[in-house]
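A.B. asks: Got a structure for you, questions after.
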Amino acid sequence: MSAASSTHDGANASGHAHDEHDHHDPPFWKKYIFSTDHKVIGIQYGFTALVFMAIGFFLMMVMRWSIAYPDRPVPFLAELPWFQAWLDADGKVTGDLYNMFGAMHGTIMIFLGIVPLAFGAFGNYVTPLQIGAPDMAFPRLNMASFWSYFVGGVLMFASFFLPSGSAKVGWTNYSPLATTTDLQFSNLFWTGQTQWLLAMVFLITSSLLGAVNVITTIINLRAKGLTWMRLPFFVWAMLVTGFLLLLAFPPLEVAAVMQLMDRLAGTSFFVPSGLNINGQMFDAAGGGSPLLYQHLFWFLGHPEVYVLILPAFAIITEVIPCSTRRPLWGYKTMVYAAMVLGFLSFIVWAHHMYLTGMGTSISTFFQTTTVLISVPSVILITSVLISLWGGSIRFTTPMLFATAFIPMFGIGGLTGLPLAFNNLVLHLHDTYYVIGHFHYVVAPGTIFALFAGIYHWFPKHTGRMMSEKLGKWHFWPSLIFMNGIFMPMFAQGMAGFHRRAFDGGAAYERVANQLFVSGDTFFASIFNFLYQRAPGQDVNMIDLNLIMSSSAWMLAISQVPFIINLFLSVTKGKKVESDNPWNATTLEWATPTPPPHGNFASEPSAYRGPYEYSVPGASEDYLPQFVPGKEGAVTPAKTEPEKTEETPA
């Protein structure tokens, strides 16, 4: 019997003996609702975030209908009484509704969906397990973090049903437009714009509490022998992400409070003098700076991009070595690159503001730093790519999503380079090119990595495997239709299509009728057949809206296998045969399955690095961190051990 198997059996034996003792079982509301267990809180974050992502996706599908068919009523929804109030008399999407859904789509997907799922769910559930901790450093603070997030989400969602509707001035909420909207209502507190600001205060507070907890947990609660360079890259990425949240979110929270005061208390932090609204001077003290709000927002906004990206890298660096049976290539270099990435993310924010009249010296500085930040990003993606070389790759569902992340993130990164230069931004700003670039980073990029993480750690949480067949039915259509949505955006963006046109650009005929491909091409023949158009008809730039919108609706259908798989596998999935079904090497696989309160049956120790796969001379193709060496003790952290298979350099 191998050492790994012996440890597994021992852990189970200890766990079973532990279970024989009687324990006071807390009531349901305390165990599963107001829980202080990091695993329950992680699941709460994950489930809530997935629900909000579904809501954000629904908003996008309505927007895509308006873009593709601006002259047709919305099917199904136009028949619903509660939805008709938002549509025009013919059941069509109005410009106001498009603006509202666009603002809330961005807000919900980022602040209520991806960040809580990436950092709140995976950071909470996996990080303590990977460092051998019994829980987070501050369990009650952890609970407060989730419930602050939940209250913010409820406020944000409830704002849809106010007489004013929800926020409608974009997810960036720029002043003075955001400050002066909905003034026709007597009570500005009960308007969507004000509730957006109030909800953001709760959401940012949640992120700050979570960041403090994650940082403290990683620094103080690491298991015996788990030195800094024995930490999995997942933990390093969460540590850097925690610092990004801790340092970048306070300026936006301050900006939200200041804008709230501008709306409710008559201050003028962001309201300039001489503001004219509908032919009348706005009654305010004035003297404020709208640009100040932009600086505060984007000082968060660009670190926020890496808050989305680093957890994605954290997940794929666990899935890929496990599925290739090879160590993570360039582990230390990746750690240092993540640190540099975090630092540089704080000095690139103003490349979002080139069109505000920025001087050439300042714009040159931000162009330089924006190009420089691509270097650590390239180091991360290259290291992951090289880790595939020569591996014995197992194309499981998590591995499919993880490997798809690499080219998808690569496309997002490469298309971002032109946006570093202010002369190109003059043409590309606020076009679909920017939408395509950003979404390639966070949709087929980060979201694919999050799916990989769900499939990878699902067996540890439930003791059952998710269906590989349903997983592949989920992956392949998602990959195809993700690209169907976002790839045409680059062509439209370079042709000048504006991102906020609710009719898809139809009103701008000179832009809309630019030729994409002529009617005698194979692509045009297929396109005309699929969309029942006359044979030989040219495909213009505006016609790409049909491809993108159809892909969006098909992408929604592609998520059905995932939803079925997620809920069915909890009770019907194949039971795991051990606590370590993937034969992985990190500490979370040393816990009983599912991990009990306190996580580990006995105090864990780390004896080696996190990615000891295919070590020459080893009896198996993996050496877990938690399996003792020949000496049966933790390798001293400050000495240079002899380079053997048990204590690798």
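The values are calculated or read from the model by the stated rules, or taken from the named source; none is laboratory data. Remember, predicted model here, so these are calculated numbers, not experimental data. So basically every Cβ, Gly included, is an ideal-geometry build from the backbone, and we count neighbours across all protein chains shown. Heads up: the accessible areas ignore ligands, DNA and RNA and are worked out on the full protein's heavy atoms, side chains in. Shrake-Rupley method; radii C 1.70, N 1.55, O 1.52, S 1.80 Å.
A.B. asks: Can you pull out every residue in segment 116-160 that is over 19 Å from Pro592 (Cα atoms) and of a type in the set (Gly, Ala, Ser)? Even if it seems obvious, please write down each step before you answer.
C.D. replies: Let us first name the residues in segment 116-160 that are over 19 Å from Pro592 (Cα atoms), namely 116-121, 123, 137-160.
The answer is Ala118, Gly120, Ala121, Gly123, Ala137, Ala144, Ser145, Ser148, Gly152, Gly153, Ala158, Ser159.
A.B. asks: Please list, ordered by first then second residue, the pairs with beta carbon atoms under 8 Å, 6 or more apart or interchain, first in segment 182-197 and on the phi > 0 side of the Ramachandran plot, second surrounded by 15 or more Cβ atoms within 10 Å (Cβ to Cβ) and in a loop (DSSP other than H, G, I, E, B).
C.D. replies: Listed pairs, sorted by first residue: Asp182/Ser164; Asp182/Thr191.
A.B. asks: Name the residue, out of Ala118, Ala68, Ala78, that is under 30 Å from Leu587 (Cα atoms) and touching a helix residue (DSSP H, G or I) at 6+ places or on another chain (Cβ under 9 Å).
C.D. replies: Ala118
A.B. asks: Return the residue satisfying two criteria in turn: it lies in segment 374-388 and is free of Cβ contacts under 8 Å to residues at least 60 places away in the same chain and more than 18 Å from Trp349 (Cα to Cα), and of such residues it is most open to solvent (accessible area, probe 1.4 Å).
C.D. replies: Going through the qualifying residues, I end up with Leu385.
A.B. asks: Given the residues Gly453, Gly410, which is the only one that is within 18 Å of the chain's Cα centre (by Cα), in a helix (DSSP H, G or I) and over 26 Å from Ser549 (Cα atoms)?
C.D. replies: Gly453
A.B. asks: Identify, from the list Ala256, Ala223, the residue that is touching a Leu at 6+ places or on another chain (Cβ under 6 Å), modelled with pLDDT of 95 or more and among the hydrophobic types (A, V, I, L, M, F, W, C).
C.D. replies: When all the criteria are applied, what remains is Ala256.
A.B. asks: Here's another thing I want to ask about it. What residue, among those in segment 457-514 that are closer than 30 Å to Asn580 by Cα and of a type in the set (Ser, Thr, Tyr), is nearest to the chain's Cα centre (by Cα)?
C.D. replies: Filtering segment 457-514 for residues that are closer than 30 Å to Asn580 by Cα and of a type in the set (Ser, Thr, Tyr), the one nearest to the chain's Cα centre (by Cα) comes out as Ser478.
A.B. asks: I would also like to ask the following. Condition (residue is under 29 Å from the mean Cα position of the chain (by Cα) and open to solvent by 20 Å² or more (accessible area, probe 1.4 Å)) applied to segment 262-284: is it met by at least one residue?
C.D. replies: no
A.B. asks: How about segment 3-111: which helices (runs of 4 or more DSSP H) wholly inside it have at least 3 residues that are out of contact with any strand residue (DSSP E or B) (no Cβ under 8 Å at 6 or more places or on another chain) and at pLDDT 95 or above?
C.D. replies: By residue number, 38-68, 95-107.
One line per residue, one yes/no per condition, for (1) farther than 26 Å from Leu117 by Cβ; (2) surrounded by fewer than 16 Cβ atoms within 10 Å (Cβ to Cβ):
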position: Gly287; (1), (2): yes, yes
position: His295; (1), (2): yes, no
position: Ala314; (1), (2): no, no
position: Cys322; (1), (2): no, no
position: Gly330; (1), (2): yes, no
position: Ser363; (1), (2): yes, no
position: Ser392; (1), (2): yes, yes
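A.B. asks: State which residue is nearest to Thr36 (Cα to Cα) when the search covers only segment 133-163 and only residues that are assigned to a loop (DSSP other than H, G, I, E, B) and free of Cβ contacts under 8 Å to residues at least 60 places away in the same chain. Walk me through it before giving the result.
C.D. replies: The initial filter retains those residues of segment 133-163 that are assigned to a loop (DSSP other than H, G, I, E, B), namely 133-138, 162-163.
When the remaining residues are screened for being free of Cβ contacts under 8 Å to residues at least 60 places away in the same chain, the result is 162-163.
On the way: Leu162: 34, Pro163: 38 Å.
For segment 133-163, the residue satisfying everything is Leu162.
A.B. asks: Within segment 551-595, can you find the residues that are over 18 Å from Trp473 (Cβ atoms), open to solvent by 30 Å² or more (accessible area, probe 1.4 Å) and among the polar types (S, T, N, Q)?
C.D. replies: Step one: filter segment 551-595 for residues over 18 Å from Trp473 (Cβ atoms), giving 552, 570-571, 575-595.
Going one step further and asking which of them are open to solvent by 30 Å² or more (accessible area, probe 1.4 Å), we end up with 570-571, 575-578, 581, 583, 593-594.
Thr571, Ser578, Asn583, Thr593 - these are the residues of segment 551-595 that are over 18 Å from Trp473 (Cβ atoms), open to solvent by 30 Å² or more (accessible area, probe 1.4 Å) and among the polar types (S, T, N, Q).
A.B. asks: The conditions are (1) among the aliphatic types (A, V, I, L, M); (2) touching a residue at least 60 places away in the same chain (Cβ under 8 Å); (3) open to solvent by 80 Å² or more (accessible area, probe 1.4 Å), and Leu515 fails exactly one of them. Which is it?
C.D. replies: Only one criterion is unmet by Leu515, namely (2).
A.B. asks: Among the helices (runs of 4 or more DSSP H) lying completely within segment 519-624, list those that include at least 1 residues that are in contact (Cβ under 8 Å) with a residue 60 or more places away in the chain.
C.D. replies: 544-558, 560-572
A.B. asks: Check whether at least one residue in segment 440-459 is surrounded by fewer than 24 Cβ atoms within 10 Å (Cβ to Cβ) and polar (S, T, N, Q), and report yes or no.
C.D. replies: no
A.B. asks: May I pose another question? Exactly one of these conditions fails for Ala199: (1) within 27 Å of the chain's Cα centre (by Cα); (2) open to solvent by less than 20 Å² (accessible area, probe 1.4 Å); (3) closer than 25 Å to Gly274 by Cα. Give me its number.
C.D. replies: Of (1) within 27 Å of the chain's Cα centre (by Cα); (2) open to solvent by less than 20 Å² (accessible area, probe 1.4 Å); (3) closer than 25 Å to Gly274 by Cα, only one is false for Ala199: (3).
A.B. asks: Take the residues in segment 490-512 that are under 19 Å from Asn99 (Cα atoms) and hydrophobic (A, V, I, L, M, F, W, C); name whichever of them is surrounded by the most Cβ atoms within 10 Å (Cβ to Cβ).
C.D. replies: Checking each candidate, the answer is Phe497.
A.B. asks: OK, next. Taking segment 29-54, which residues are over 29 Å from Pro134 (Cα atoms) and either touching a Cys at 6+ places or on another chain (Cβ under 7 Å) or buried (at least 20 other Cβ atoms within 10 Å of the Cβ) (or both)?
C.D. replies: Passing the criteria: Phe52, Met53.
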